[in-house]
Amino acid sequence: MMVEVDPPEVEERVQILLVDVGSVTYGVDASQVLRIDRAEASAFAHPALGHLREGRRALVFHTTSGEAQLKVDAIRGVVPVAFDRLRRMPAAATRSPLAVGLYLSDDRPIVLIDLPQTL
Amino acid sequence: MEPTPLQRALRSAPERTHAGQARPEQEFFCFRLGELRLGIPSQSVLEVFRAGSLTPLPRTPAFVLGVTGHRGQVLPVLDLLRFLGKGESKVGARTRFFVGSSGSFVTAVVADSVIGLRRILTSDILPPPLGGDASAEHMLGVFQPGARGEALALLDFGRLLQLARKRAVVR
């Protein structure tokens with residue numbers, strides 16, 4: 001007898017790089033990050049993300065005019081996030097293109113930022 | 001035959017009582033925030049929960065304290081003191097958030113403490129003070145419970161939330 005078996009469901013996930021700016025943890029799409037480096041003189045800070053403590057690390061990402069470096073304080077690592085933990089930004093909160101959405105780590109929202117929008 | 005007093009009275013009696021319509025009342029969710037005692041129509045309030053973690057958002061006005069997660073939902077958190085220009089709330093271990101809604105917009109709002117639900121006769125609601133500050137535009141009115149009671153400022157939550165959303169997203 002032939003029995004058709006459904007293929008096991010593959011939980012879709014996205015890789016999120018967690019970084020700290022001051023006391024706030026943000027998430028960025030890990031695929032946007034070329035590498036993590038020491039912040040060079042050309043690295044920039046984004047005031048809307050909060051005050052940096054030291055900003056010695058930088059996320060290097062690709063832009064149309066080459067590479068750019070966003071200063072951060074600490075790298076927490078990459079976490080795989082299931083699609084069902086992702087949330088759109090609430091309509092009443094902000095429409096800033098910098099914050100593209102959120103993901104729920106337990107019940108704590110982590111703001112996801114779009115690196116090209118920091119320029 | 002001359003009608004009896006009862007028959008005369010019955011002829012002019014209404015078909016049904018209008019007592020309920022003559023004294024309509026509205027239920028308000030009442031809470032303290034800073035020095036204020038505020039009330040909003042209870043149908044706008046979904047639930048109250050203890051303040052949890054608060055994640056700040058980039059590029060939002062000061063009255064949006066950030067977002068919080070609750071039952072798998074992400075809610076923006078509003079500080080009405082900041083919104084009304086009456087100071088700043090301090091979110092601590094005893095702070096409560098209540099979930100308020102208007103249309104499709106749902107938000108958490110900071111409350112220092114919850115007073116409870118109160119039914120108020122519509123006729124007892126006084127109009128917002130004339131010549132008051134800008135916060136008067138968000139008020140349905142004021143309720144003064146007796147000479148010694150503290151006044152309750154009753155807010156037009158639907159209007160307030162619509163305006164807060166506009167201010168939050170037009171940046």
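The values are calculated or read from the model by the stated rules, or taken from the named source; none is laboratory data. Everything numeric here is computed off the predicted structure, so don't read it as measured data. Note: ideal-geometry Cβ built from the backbone for every residue, glycine included; neighbour counts use all protein chains shown.
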Next on the checklist: Just the residues that are surrounded by 17 or more Cβ atoms within 10 Å (Cβ to Cβ), more than 17 Å from A:R35 (Cβ to Cβ) and among the aromatic types (F, W, Y), please, taken from the stretch A:61-87.
Outcome noted: none
Next on the checklist: Which pairs turn up if I take residues in the stretch A:13-32 that are in contact (Cβ under 8 Å) with a residue 12 or more places away in the chain and look for partners that are part of a helix (DSSP H, G or I) with beta carbon separation below 6 Å, at least 6 apart in sequence or on another chain?
Outcome noted: A:Q15/A:A30; A:L17/A:A30; A:V21/A:L49; A:V28/A:L115; A:Q32/A:L115
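Residues B:V142, B:V110: which one is more than 14 Å from chain A (Cβ to nearest Cβ), under 13 Å from the mean Cα position of the chain (by Cα) and closer than 26 Å to A:Y26 by Cα?
B:V110
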Item to check | The one condition in (1) within 14 Å of chain B (Cβ to nearest Cβ); (2) of a type outside the set (D, E); (3) assigned to a loop (DSSP other than H, G, I, E, B); (4) surrounded by fewer than 21 Cβ atoms within 10 Å (Cβ to Cβ) that A:G55 fails to fulfil | outcome: (1)
Checklist entry - Is the stretch A:109-116 home to any residue that is in contact (Cβ under 8 Å) with a residue 12 or more places away in the chain, surrounded by fewer than 18 Cβ atoms within 10 Å (Cβ to Cβ) and more than 9 Å from chain B (Cβ to nearest Cβ)? => result yes
Next on the checklist: Restricting to the stretch A:34-51, give me the number of residues that are more than 14 Å from every other protein chain (Cβ to nearest Cβ), farther than 8 Å from A:Q69 by Cα and touching a Lys or Arg at 6+ places or on another chain (Cβ under 7 Å).
Outcome noted: 2
Item to check | Selected residue [within 14 Å of chain B (Cβ to nearest Cβ), of a type outside the set (S, T, Y), in a loop (DSSP other than H, G, I, E, B) and surrounded by fewer than 15 Cβ atoms within 10 Å (Cβ to Cβ)] from A:P90, A:P97 | outcome: A:P97
Checklist entry - Can you tell me which of B:G20, B:G69, B:G34 is facing chain A (nearest Cβ under 9 Å) and either at pLDDT below 95 or in contact with a strand residue (DSSP E or B) (Cβ under 8 Å, 6 or more places away or on another chain) (or both)? => result B:G69
